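Working notes, beginning with the structure itself.
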Amino acid sequence: MACIFLMVIGIAAAIVLPQIFQSRSRDAELRAIQSIRQLQIAQSNFRAKHGRYAESLDELRPLIPGDLAAGVSGRYRFQMTGDGMSYAIRAVPLDGRRRALYSDQTLGIRPGLGLQPPPVVSPVQ
């Protein structure tokens, strides 16, 4: 009797646990996307005030939460580079189990390749 009970519990766990982990992964990615949007808004405000984009997270420190300014928020590491005319934001998962994200001054958020920008895709002709 106890053996059947343990088998049922094991089967239930095998079904439910992967769904819980997928849900956590999705939540972490959604939080990273929200953080990227915060950085985009901060960049817009910075540009309106200074006439250029910030070149680092440190320059945005007064406009963003402290953890994001330090480069780690949630389960992602954030890196931002820029040259005043443009910027790039990269969000890389700390555990490597989720996809990296990339954004720039075009405001699109797309899957990235770690700390490298994604390849440019030519439009279909």
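The values are calculated or read from the model by the stated rules, or taken from the named source; none is laboratory data. No experiment lies behind these values; they were computed from the predicted model shown. Cβ sites come from the backbone with ideal geometry, for glycine too, and all protein chains shown count toward neighbours. The area values use the complete protein model at the heavy-atom level, side chains included, leaving out ligands, DNA and RNA. Shrake-Rupley method; radii C 1.70, N 1.55, O 1.52, S 1.80 Å.
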Just to be sure I understand the filter: pairs with C-beta atoms under 7 Å, separated by 6 or more residues or on different chains, first member in the range 29-56 and closer than 13 Å to ARG90 by Cα and modelled with pLDDT under 95, second member among the basic types (Lys, Arg) and open to solvent by less than 80 Å² (accessible area, probe 1.4 Å). Which pairs pass? GLU29/ARG98
Would you pick out the residues in the range 63-82 that are of a type in the set (A, V, I, L, M, F, W, C) and open to solvent by 30 Å² or more (accessible area, probe 1.4 Å)? LEU63, ALA70, VAL72
When you go through ARG98, ARG90 one by one, which is the residue that is basic (Lys, Arg), at negative phi and either without any contact (Cβ under 8 Å) to a residue 60 or more places away in the chain or surrounded by fewer than 14 Cβ atoms within 10 Å (Cβ to Cβ) (or both)? ARG90
Positions within the range 27-40 being touching a helix residue (DSSP H, G or I) at 6+ places or on another chain (Cβ under 9 Å) and under 15 Å from GLY82 (Cα atoms), in sequence order: LEU39
Would you mention how many residues in the range 58-83 are of a type outside the set (Phe, Trp, Tyr) and within 19 Å of THR106 (Cβ to Cβ)? 6
Could you check the range 49-114 for strands (runs of 3 or more DSSP E) lying wholly inside it with 1 or more residues that are hydroxyl-bearing (Ser, Thr, Tyr)? 76-82, 87-93, 101-104
